[in-house]
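The values are calculated or read from the model by the stated rules, or taken from the named source; none is laboratory data. Note that the structure is predicted; figures quoted are calculated from it, not measured. Backbone-built Cβ (ideal geometry, glycine too); neighbour counts: all protein chains shown.
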Amino acid sequence: MKRNLHGWYLIVVRVIAVAFTLFQLYTAGFGFLPDMQQRAVHVAFAVFLTFALLSFKKQRQAETKIPVYDLILMALIFIPCIHVMLKYEWYALHFGESTTADYILGIVLIILILEAGRRSTGWVFPGLVFFMLIYALFGSYFPGEFHHPGLKLIFIVRNLFQSWNGIWGFITGVSATIIAIFIIFGTFIKVTNAGETFIELANSVAGRMKGGPALVAVIASGLFGTISGSAAANVATTGNFTIPLMKRLGYRSEFAGGVEATASSGGQLAPPIMGIGAFIMAELLGISYLKVIIAALIPAYLFYLAVFTAVRFEALRLDLPPIPRDQIVPFRHIFTWAKIAPLFIPIVLLFLALIGGFSITFSGFLAIVSLLILSVFLDLSPRNIKTRIRKIASGFEEAAISLLPIVSLCVCANIVIALVNQTGLGMKLTGFILSTAEEFLPLSLILSAAIALILGMGLPTAGAYMLTVTIVGPALIKLGILPLAAHLFVFYFAVLSAITPPVCIAVFTAAGIADAPWLGVAKVALRLGMVAYFVPFVFIFNRALIMVGTVGQILLAVTTASIGAVAMGAATMGYLTRKLTVFTRILLLFAAFILIIPGIKTDLVGLGLIIMALFYPRVSKKIDMLSGFKARQQKKENYMPTADK
């Protein structure tokens, strides 16, 4: 439970939180510290704030003071982190050597990180770390394929604490640079007027249509979701506006929550930022950021086309009204310099800087600085400037707090990956997937998708993706799958874990706002997001959907897949030009799956099924009429002889 601090406790925590955000901004703009030092400072700030703000256990009432034991832990976190900052060069030159102090401080830091992870994210991920530690120590007791000789504790601690492969590894590095700067960017988008402009713009675009509230949720959540790296945060931000509006205008609570959960999660699939995923993927693959977003364009378009049409068909089926005109801000009031500039100029500047060859983090820094300057000074009235400065000040604190669970998860993920590699478990999993693929490649993909969904439960997308792709990515690439396609495949299922039961954090958040049973919300989210579960399998086998192929191949794949996405929306909602029968919905669902698979034969079969679905009601009606006419004639013929008698 989050503490409700008062007095000097609150002042100290606010100062540290602002210092954390300023540290991330300063190093992004003016140069990072050496790797291990940058990561040590990043972890120290995050763990310190976790112990300051989050209670050891749930309380009936939020604590207003920090207990003595947490004050001790807050002070304790700085000792191993400062030790690493001072000795990082020695560690690089003396790998494999450790002192008693290194050994003790390493154990202390591992324990502190696990406890910080438990408080900020729950038991699941720290529990996985604990299991991996047990597996590493006592591998000789495990049977069969999972047997290994076992590692000594001193060896485990040395590798986790003193090397770049453990606590201070690549994922912590991504958290301390790329993730931090874009979480800060997303937070400032939310706390400034730029966040409100997202909602107003979506309202004006879609609000006048039938089903406008749900369409607004899709657009606004998608726009905000591409910047934010957390599906739950997206739901909490846009859902507090869109869900009550949908309910007020006639949507069921479960449907309203499902739309918001799906659209907010899907925003991370959408270029240009993909919830930070595009930048991380480019770093991991060592390719251009532009290649990543180009590859992600068509799958993201298909996802939102399916969701958009499903929402629209549901509105037509229920004959729901649009948003009242008096609640829609006219375009002329939105497209003013004061509103549009803070929203679009930072994003444009971000991409211009990237295209110009600047680093991802420096480009993000420029975008944040421009957003802050524009937010404060576009409206020069003293009252507005004071209000905006107050909002920005709160944004520095909120950005640091938003980072806490992500830092804990990334560090825990690094520990898991290090132990997976040290014990040889990674090779065993890769071998298992490869041996499965010898018989049936789709089964290997299903196993990889299942691993991504399980490891992604309750995690921010970036952490889930980096952990999963490290474990299953090598196996997929060894199977001959294009590395970019393999990474996108894993990324999709890391995103979809937010709406996939049993641990579906976006669904839980939306259900809370909608005051609806989470299982009902999850069912709607799964129906709306169905195409996203299917498309990754398709682009593995046909690269046209990730822009690899001739122009003709790509255009044909997009056209037929678009028809399939619309058919899927109609099938899941039970409406096309009229309410659909169960048989017609099944036809359309089969047609959708077949059309999304590129190929002339599949396209012809899919189109044939759609034509059958469109004409089936008319043919069925004529058959019924003809059957009725024949029955009447037969009755008449049977009656006539009796009359003669």
(request) Out of the residues in the stretch 540-576 that are assigned to a loop (DSSP other than H, G, I, E, B) and free of Cβ contacts under 8 Å to residues at least 12 places away in the same chain, state the one that is nearest to residue 483 (Cα to Cα). (result) 549
(request) Can you give me the number of residues within the stretch 162-183 that are in a loop (DSSP other than H, G, I, E, B) and either touching a Leu at 6+ places or on another chain (Cβ under 8 Å) or within 20 Å of residue 274 (Cα to Cα) (or both)? (result) 2
(message) Condition check: closer than 30 Å to residue 307 by Cα, touching a residue at least 60 places away in the same chain (Cβ under 8 Å) and over 17 Å from the mean Cα position of the chain (by Cα). Does residue 488 satisfy that?
(response) no
(message) If I ask for residues that are more than 21 Å from residue 290 (Cβ to Cβ), assigned to a helix (DSSP H, G or I) and not hydrophobic (A, V, I, L, M, F, W, C), which ones from the stretch 474-488 would you list?
(response) 474, 478
(request) Would you mention how many residues in the stretch 210-251 are within 14 Å of the chain's Cα centre (by Cα) and not hydrophobic (A, V, I, L, M, F, W, C)? (result) 8
(request) Look through the stretch 274-319, keep the residues that are among the acidic types (Asp, Glu) and within 18 Å of residue 571 (Cα to Cα), and return whichever of them is surrounded by the most Cβ atoms within 10 Å (Cβ to Cβ). (result) 314
(request) Might you let me know whether the stretch 211-222 holds any residue that is of a type outside the set (Val, Ile, Thr), in a helix (DSSP H, G or I), touching a residue at least 24 places away in the same chain (Cβ under 8 Å) and closer than 14 Å to residue 461 by Cβ? (result) no
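This table checks each residue for (1) among the aromatic types (Phe, Trp, Tyr); (2) touching a Gly at 6+ places or on another chain (Cβ under 6 Å); (3) closer than 22 Å to residue 148 by Cβ.
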residue: 384; (1), (2), (3): no, no, no
residue: 392; (1), (2), (3): no, no, no
residue: 396; (1), (2), (3): yes, no, no
residue: 399; (1), (2), (3): no, no, no
residue: 414; (1), (2), (3): no, yes, yes
residue: 430; (1), (2), (3): no, no, yes
residue: 479; (1), (2), (3): no, no, no
residue: 482; (1), (2), (3): no, no, no
(message) Residues that are of a type in the set (A, V, I, L, M, F, W, C), assigned to a helix (DSSP H, G or I) and touching a strand residue (DSSP E or B) at 6+ places or on another chain (Cβ under 9 Å): does the stretch 137-144 have at least one?
(response) no
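Each row is one residue, and each column tells you yes or no for (1) of a type in the set (A, V, I, L, M); (2) in a helix (DSSP H, G or I); (3) under 23 Å from residue 464 (Cβ atoms).
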position: 262; (1), (2), (3): no, yes, yes
position: 316; (1), (2), (3): yes, yes, no
position: 323; (1), (2), (3): yes, no, no
position: 326; (1), (2), (3): no, yes, no
(request) Filter the stretch 585-606 down to residues that are of a type outside the set (Val, Ile, Thr) and modelled with pLDDT under 80 and give me whichever is surrounded by the most Cβ atoms within 10 Å (Cβ to Cβ). (result) 598
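Residue-wise test of (1) outside any helix (DSSP H, G or I); (2) under 14 Å from residue 193 (Cα atoms); (3) modelled with pLDDT under 85.
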position	(1), (2), (3)
352	no, no, no
357	yes, no, yes
372	no, yes, no
389	no, yes, yes
